[in-house]
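Trainee: Dropping the structure in here first, questions after.
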Amino acid sequence: MKFLRNIRSSRSEHLAQLLDQGYCIVENALPTRVLKSLNADLDPVFAATPLCQGRFYGERTKRFASLLRRSPSAARLVLSPAILSLVDAVLKPMCDRIQLNVAQAIEIHPGEQSQFPHRDHDMWQGHKGEHEYLVNVMWPLTPFTAENGATRIYPGSHGIEGLSKEDPGTAVSAVCDPGSAICFLGSTLHGAGANLTNLPRRAIVVGYCLGWLKPYENQWLAYPPDVAKVFSPELAALVGYAQHRPNLGNYEGQCPSLLLSENVPEYIGAIDALRPDQEAMMACADNTVPRD
Ligand SMILES: O=C(O)CCC(=O)C(=O)O
Ligand SMILES: [Fe+2]
């Protein structure tokens, strides 16, 4: 009971900091052996992946995604209960379910400049400030220091107030070790730091967004049914094998998780999955609006 109380109280402290400052660092979110084994699984992929092109991605940076099929340890990060409960608290008021927006590895090489400070929610058009669109989580695979390019975060730059500030203030470097999770809101100004050392800085970014948005990483292509078949139902739902009411992301009018079952019928038939307010509106119309 005491253990549960401790988890709950550290969750509420982290959530309070996330909402108040726009970011928080959850220490010991996962055992370091999970990060070590993920790092080892990704070694050959980092070695084979060319440097990025473009100012945003960084010319001395390597990135690749589809992490859930590159290492069995990646699911531990994506499904971390401590993180999911923070993300749910931020995003669930605006959606039925959250989804995975991205799971990408980022290696910043010596000599890389600091990244352009940005807000990740700008990937979507639409009004900003009334609610959050996403929560991002950086998981260091090497220690994060101010010298090697730890993510730089502008505290208080988030939400309606932060967005209207002319001066975002001074950035802090998210200094921490593998096992920690750096969480920040989609509206929080941030960017990778410059790497002034002679060793690469490695991390994973796991992002979650509102379930009705178009995700940054095309999850259905990264994890087609044959790949997602072995995922737990929770993981499969996060990568798109779940509908979002009303009927969003359906396959032949049904929940796309159907494609993960053994025998997918050839002819399926659509079934409504509406929000309760829509069901109520139609029930009410049945009684009041004359129909032919
Ligand atoms: O690598 C980092 O520290 C942050 C990267 C980032 O913010 C991004 O690519 O959107
Ligand atoms: Fe970013």
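The values are calculated or read from the model by the stated rules, or taken from the named source; none is laboratory data. Note that the coordinates shown come from a computational prediction; the quantities given were computed from them, not determined experimentally. Positions of Cβ are backbone-derived with ideal geometry, glycine not excepted, and every protein chain shown enters the neighbour counts.
Trainee: For segment 217-248, enumerate the residues that are under 21 Å from residue 76 (Cβ atoms) and part of a loop (DSSP other than H, G, I, E, B). I'd like the intermediate steps shown before the answer.
Mentor: Filtering segment 217-248 for residues under 21 Å from residue 76 (Cβ atoms) gives 217, 219, 222-223, 227-242.
Within segment 217-248, 217, 223, 229, 230, 231, 232, 239, 240, 241, 242 qualify.
Trainee: Condition check: buried (at least 19 other Cβ atoms within 10 Å of the Cβ) and out of contact with any Leu (no Cβ under 8 Å at 6 or more places or on another chain). Does residue 87 satisfy that? Lay out the reasoning, then the answer.
Mentor: Working: buried (at least 19 other Cβ atoms within 10 Å of the Cβ): yes; out of contact with any Leu (no Cβ under 8 Å at 6 or more places or on another chain): yes.
It is true that residue 87 is buried (at least 19 other Cβ atoms within 10 Å of the Cβ) and out of contact with any Leu (no Cβ under 8 Å at 6 or more places or on another chain).
Trainee: If the requirement is being more than 30 Å from residue 226 (Cβ to Cβ) and either assigned to a loop (DSSP other than H, G, I, E, B) or not assigned by TED's automatic domain parsing to the domain that holds residue 95 (or both), which of these qualifies: 286, 272?
Mentor: Numbers: 272 fails: more than 30 Å from residue 226 (Cβ to Cβ).
Being more than 30 Å from residue 226 (Cβ to Cβ) and either assigned to a loop (DSSP other than H, G, I, E, B) or not assigned by TED's automatic domain parsing to the domain that holds residue 95 (or both) holds for just one of 286, 272, which is 286.
Trainee: Those residues that are charged (D, E, K, R) and surrounded by fewer than 17 Cβ atoms within 10 Å (Cβ to Cβ), I need them from segment 124-169; list them, please.
Mentor: Answer for segment 124-169, where residues must be charged (D, E, K, R) and surrounded by fewer than 17 Cβ atoms within 10 Å (Cβ to Cβ): 130, 147, 161, 165, 166, 167.
Trainee: Contact list please: Cβ distance under 6 Å, first residue in segment 27-51 and in the same structural domain as residue 104 (by TED's automatic domain parsing) and loosely packed, with under 15 Cβ neighbours inside 10 Å, second residue modelled with pLDDT of 95 or more and among the basic types (Lys, Arg), pairs at least six apart or on different chains.
Mentor: 49/62; 51/62
Trainee: In addition: Filter segment 203-226 for residues that are more than 16 Å from the chain's Cα centre (by Cα) and either within 16 Å of ligand 2 (Cβ to nearest atom) or surrounded by fewer than 17 Cβ atoms within 10 Å (Cβ to Cβ) (or both) and give the result.
Mentor: 221, 224, 226
Trainee: Here is a further query. Against the definition (more than 22 Å from residue 51 (Cα to Cα) and away from ligand 1 (no atom under 12 Å from the Cβ)), how does residue 163 come out, yes or no?
Mentor: Working: more than 22 Å from residue 51 (Cα to Cα): yes; away from ligand 1 (no atom under 12 Å from the Cβ): yes.
Taking the combined requirement at face value, the residue satisfies it.
Trainee: Every residue in segment 45-74 that is among the polar types (S, T, N, Q) and over 14 Å from residue 108 (Cβ atoms), please. Steps first, answer last, please.
Mentor: Kept after step one, since they are among the polar types (S, T, N, Q), are these residues of segment 45-74: 49, 53, 61, 66, 71, 73.
If the condition is that a residue be among the polar types (S, T, N, Q) and over 14 Å from residue 108 (Cβ atoms), then 53, 66, 71, 73 are the ones that fit.
Trainee: Further question: Taking segment 253-277 on its own, how many of its residues are surrounded by fewer than 15 Cβ atoms within 10 Å (Cβ to Cβ) and under 29 Å from the mean Cα position of the chain (by Cα)? Spell out the reasoning first.
Mentor: Within segment 253-277, the first condition is being surrounded by fewer than 15 Cβ atoms within 10 Å (Cβ to Cβ), and the residues that meet it are 253, 261-272, 274-277.
This time we only want the ones that are under 29 Å from the mean Cα position of the chain (by Cα), so: 253, 261, 272, 274-277.
Final tally of qualifying residues: 7.
Trainee: Would you confirm, using the coordinates I've provided, whether residue 120 is surrounded by 23 or more Cβ atoms within 10 Å (Cβ to Cβ) and either more than 16 Å from ligand 1 (Cβ to nearest atom) or under 16 Å from the mean Cα position of the chain (by Cα) (or both)?
Mentor: Working: surrounded by 23 or more Cβ atoms within 10 Å (Cβ to Cβ): yes; either more than 16 Å from ligand 1 (Cβ to nearest atom) or under 16 Å from the mean Cα position of the chain (by Cα) (or both): yes.
Yes; evaluated as a whole, the condition is true for this residue.
Trainee: Answer with yes or no whether residue 277 is acidic (Asp, Glu), under 24 Å from residue 92 (Cβ atoms) and in a loop (DSSP other than H, G, I, E, B). Reasoning before the result, please.
Mentor: Values: acidic (Asp, Glu): yes; under 24 Å from residue 92 (Cβ atoms): yes; in a loop (DSSP other than H, G, I, E, B): no.
For residue 277, the condition - acidic (Asp, Glu), under 24 Å from residue 92 (Cβ atoms) and in a loop (DSSP other than H, G, I, E, B) - is not met.
Trainee: Can you name every residue in segment 108-117 that is crowded, with 18+ Cβ neighbours inside 10 Å and either within 14 Å of ligand 2 (Cβ to nearest atom) or not assigned by TED's automatic domain parsing to the domain that holds residue 157 (or both)?
Mentor: Across segment 108-117, the qualifying residues are 108, 115.
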